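Quick notes on the structure that follows.
The values are calculated or read from the model by the stated rules, or taken from the named source; none is laboratory data. Please read these numbers as outputs of a predicted model, since none were measured by experiment. We place every Cβ from the backbone using ideal geometry, glycine too, and count neighbours over all the protein chains shown.
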Amino acid sequence: MDTKKNQQAQVSRPRQENQMETTQEIDLGDLFLYLWSKIVYLLLALVIGAGAGGAITYFLITPTYRASSYLYMVAASSGTVVDLSDLNIGTNVSSDYEQLLIRRPVLDNVAANLSDEILVMDDLPNETESEGKNEYLEERAVSSGDVPNSLQVATVTDLADYISISTVGDSRVLQITVTTPSPVISRDIANEVAEQAVDYIPQIMNVTAPTIAEYAVTPKGKAAPSMRRNMAVGGILGFLLMAAIYTIRHLMDDTVKDAEEFESLFGMVPLAVIPEGEITTGDSDQTDGQRRRLHQTRK
């Protein structure tokens with residue numbers, strides 16, 4: 001009895017080890033063929049994902065518009081001659097410009113000069129002092145004219161979130177970029193910040209005023225979001241999600257598909273294989289309908 005148990009243990013141990021090894025292996029070719037058989041569903045998921053990305057972009061994401069004005073930061077310190085010290089100053093003060101132009105004094109003047117387009121919520125009257133903020137907002141909406149949606153900010157310093165200031169490459173040209181949901185407001189804020197820089201920078205830094213190299217124009221197209229990019233991302237995510245689902249289903253399927261898989265799993269050759277198909281009785285070449293018609297004619 002002990003010898004039989006030892007023999008059975010020795011036989012079952014290689015089979016278990018073989019099964020553990022095979023479960024850790026992934027047949028990429030078989031997986032590819034399985035996914036290829038589901039290509040219709042994968043393409044359908046791609047189309048649905050692209051449509052979902054486009055719908056979200058169109059209905060849920062507010063488009064933004066970007067406008068830029070440009071300042072030249074070098075001016076002659078004496079007369080009209082630009083010396084080497086002027087060039088060095090223009091190169092070194094670019095970071096100072098970037099910080100000063102988004103400070104509260106500049107933003108206060110921008111909000112005051114563009115009061116028809118910028119709505120600072122802290123500056124609204126309290127309900128006890130006027131007819132109420134809702135009535136005030138309705139009046140602003142009616143009197144806004146060609147600006148359909150005023151830019152609403154909680155405080156004036158929140159305007160800095162819409163303004164980006166940077167130098168163009170290694171030059172002494174400063175780019176003032178404003179991004180808002182309105183192309184008109186983006187243009188007007190960019191130009192107003194540039195004009196405020198001309199007046200404010202000389203007072204603070206005790207230097208000659210920068211020169212406005214270019215005023216911002218009304219952008220014709222939106223800066224974001226990109227419909228094509230979001231549709232592409234949605235389609236890819238839908239395709240990958242469906243492929244991941246089918247891959248998990250394929251890897252978790254532990255049924256034996258054919259004789260070769262049975263032999264690789266258990267180390268035994270199957271004695272017989274039952275083919276798939278209908279099992280018929282009597283005349284195997286006759287279908288059920290043919291047998292019924294033949295039976296009726298015999299009657």
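Here is a yes/no grid of residues against (1) in the same structural domain as residue 51 (by TED's automatic domain parsing); (2) touching a helix residue (DSSP H, G or I) at 6+ places or on another chain (Cβ under 7 Å); (3) of a type in the set (Lys, Arg); (4) modelled with pLDDT under 90:
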position: 113; (1), (2), (3), (4): no, yes, no, no
position: 123; (1), (2), (3), (4): no, no, no, yes
position: 130; (1), (2), (3), (4): no, yes, no, yes
position: 172; (1), (2), (3), (4): no, yes, yes, yes
position: 180; (1), (2), (3), (4): no, yes, no, no
position: 189; (1), (2), (3), (4): no, yes, no, no
position: 192; (1), (2), (3), (4): no, yes, no, no
position: 196; (1), (2), (3), (4): no, yes, no, no
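Considering 70, 97, 34, which residue is outside the structural domain of residue 252 (by TED's automatic domain parsing) and either modelled with pLDDT of 95 or more or more than 16 Å from residue 209 (Cα to Cα) (or both)?
After applying the criteria, what remains is 70.
May I ask you to list the residues in segment 150-176 that are part of a helix (DSSP H, G or I) and more than 16 Å from residue 114 (Cα to Cα)?
Within segment 150-176, 161 is the sole residue that qualifies.
Search segment 245-299 for residues being aliphatic (A, V, I, L, M) and within 51 Å of the chain's Cα centre (by Cα), and hand back the single one that is modelled with the highest pLDDT.
245
For residues that are touching a residue at least 60 places away in the same chain (Cβ under 8 Å) and not hydroxyl-bearing (Ser, Thr, Tyr), tally how many sit in segment 235-253.
Of the residues in that region, 10 qualify.
Can you pull out the residues in segment 243-277 that are acidic (Asp, Glu) and surrounded by 13 or more Cβ atoms within 10 Å (Cβ to Cβ)?
Within segment 243-277, 261, 263 meet the criteria.
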